[in-house]
Amino acid sequence: MPGPRATCACLQQKVSDSWMMSQTSDQLLQKILDFVRAETGIREQISDESDIAGDLGVDGDDAREFMLAFQRAFDVDLSGFEFDRHFGPEGLSLTRLVLTVLRLRRPQLPLTIATLVDAARQKRWPNEATSIAVSPEGRTAPPEM
């Protein structure tokens, strides 16, 4: 039989989990929007469809720091997160440019605020093999591998 401390820790985890589950989607979205604004310094209008790299300009080392802060703030397991699928390297890369022009490089998937909300709700990174990419024209298609 667990001791009082083990029971207390277990109860605290259940309270934490139920609190996150009880938050409405709107409340969680607002909390993540506030987080994104604080981390990026962006004060303009952003929405759940805003792309962290494409729309907000977060890339390279800044993107790594952003994702680590997101992981800490929302207690999200990022073990399934593929950084290079969403963000580029710091600075200009001639190799990256050539591979992109020759279409030998996999296209980057947008990482939207909505994806961050989903990850925070699940406490783990969504499976990218089954995620849907949204093109700039608004059409959806499975991500290219």
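For Q45, what is the net charge nearby, where nearby means another residue's Cβ is under 15 Å from its Cβ and Lys, Arg count +1, Asp, Glu -1? It works out to a net charge of -4.
In this label model, D77 and K123 are separated by 0.9 nm, measuring between points 7 Å along each Cα→Cβ vector. Residues whose amide H falls under 5 Å from that of D51, counting only those 5 or more places apart or on a different chain, are L56, with hydrogens built in the peptide plane. Relative to the current alpha-carbon distance between D84 and T40, full extension at 0.36 nm per residue lengthens the span by 13.9 nm.
Each value in this text was obtained by applying a stated rule to the coordinates, not by laboratory testing. What you are looking at is a predicted structure, and each value in this text was computed from that prediction instead of being measured. Methodologically, a virtual Cβ is constructed for each residue, glycine included, from the backbone with ideal geometry; neighbour enumeration extends over all protein chains shown.
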